[in-house]
């Protein structure tokens with residue numbers, strides 16, 4: 001029953017100047033999908049602007065993670081919900097913050113040498129790492145089609161690396177850092193179901209942001225970024241990009257991601273894993289003049305198609321993502337919840353949410 005059809009029932013059906021609630025909800029959905037697909041994909045280009053125009057790459061990432069983490073934790077705290085960690089969840093959130101967020105210090109350094117679109121494509125392979133670990137380490141059985149799909153994705157990664165090394169927007173060092181970040185992200189996603197994490201997604205993600213931010217700030221100090229930082233050398237565009245990454249690129253996209261999990265089928269949220277790299281490539285081409293060669297484009301297509309196949313086909317046990325009341329909606333006509341591997345966004349601010357394994 002729509003809001004309009006229920007106008008004779010109790011309670012208001014219109015809000016904000018008589019606009020039907022159903023229309024407001026539709027606008028909210030579109031804005032949340034815009035954040036999850038487009039704004040998150042734009043993070044890669046924004047990171048490229050910050051690191052190539054004066055901001056210290058590792059330290060700037062750490063500062064914004066720490067800031068957003070404190071804000072995210074303040075939301076449940078203001079509402080009276082506990083934000084503390086017990087002895088089990090403390091090391092788990094620290095480990096996941098290290099694996100999932102601190103590895104993006106590698107991404108920020110890599111984008112000084114590798115184009116933003118190429119970085120996004122390589123990082124999108126993280127769900128394939130999850131599948132490989134579940135098969136090789138977890139001894140989980142998967143269909144021949146699933147294995148073939150994952151292998152096709154890794155073939156795409158090989159094509160991209162071989163065709164891009166040293167030219168077409170890539171370098172050996174940058175490509176190596178991107179691959180290391182993808183492996184670290186995939187490892188964190190694989191370990192998450194095995195670790196005790198806070199049940200509240202806001203608390204879990206907030207602490208991971210805090211730990212990841214603190215680690216990156218310390219690494220930046222160890223690399224001498226603080227000592228060599230000269231604010232006068234930072235361009236206006238770099239400052240604006242940092243503001244975007246802190247607000248829209250991290251905080252707003254995270255809120256949209258968690259909200260969407262409670263509103264739509266989880267596969268629609270997971271689609272961000274293969275939409276975001278396409279957005280990053282298009283924005284890099286349109287706004288920064290980035291180019292990918294023909295072979296790189298073929299490899300990128302293999303990666304995106306493989307990730308899409310893996311996410312939509314895998315029904316194995318994975319994380320229950322979301323705080324109480326934010327559990328993913330069931331697929332229409334299906335009594336089960338579908339939890340694809342690597343649901344966490346593949347963008348440069350991926351946040352893992354903990355929970356229990358489900359069957």
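The values are calculated or read from the model by the stated rules, or taken from the named source; none is laboratory data. If you're wondering where the values come from, they're calculated on a predicted model, not measured in any experiment. Neighbour counts run over all protein chains shown; Cβ positions are idealised from the backbone, glycine included.
Output yes when any residue across region 335-353 is at positive phi, assigned to a loop (DSSP other than H, G, I, E, B) and at pLDDT below 80, and no when none is. Yes, because at least one residue in region 335-353 is at positive phi, assigned to a loop (DSSP other than H, G, I, E, B) and at pLDDT below 80. In a residue-by-residue description of region 34-42, the property of being more than 28 Å from residue 214 (Cα to Cα), assigned to a helix (DSSP H, G or I) and either touching a helix residue (DSSP H, G or I) at 6+ places or on another chain (Cβ under 7 Å) or at pLDDT 90 or above (or both) applies to at least one position.
If you go through region 231-286 and keep only what is farther than 20 Å from residue 53 by Cα and not in a helix (DSSP H, G or I), you end up with 262, 263, 264, 265, 271.
If the condition is being farther than 19 Å from residue 126 by Cα and surrounded by fewer than 19 Cβ atoms within 10 Å (Cβ to Cβ), then region 260-289 contributes 262, 263, 264, 265, 282, 285, 286, 287, 288, 289.
Looking at this structure, is residue 191 modelled with pLDDT under 90, under 17 Å from the mean Cα position of the chain (by Cα) and farther than 30 Å from residue 54 by Cα?
Working: modelled with pLDDT under 90: yes; under 17 Å from the mean Cα position of the chain (by Cα): yes; farther than 30 Å from residue 54 by Cα: yes.
Yes, satisfied.
Pairs are defined by a Cβ separation below 9 Å, a sequence spacing of at least 6 or placement on different chains, a first member in region 267-294 that is on the phi > 0 side of the Ramachandran plot, and a second member that is surrounded by fewer than 24 Cβ atoms within 10 Å (Cβ to Cβ) and part of a helix (DSSP H, G or I); no pair meets this definition.
Looking only at region 56-83, residues that are outside any helix (DSSP H, G or I) and farther than 23 Å from residue 218 by Cβ come to 4 in all. Those helices (runs of 4 or more DSSP H) of region 85-152 in which 2 or more residues are more than 16 Å from residue 186 (Cα to Cα) occupy 89-96, 104-110, 116-123.
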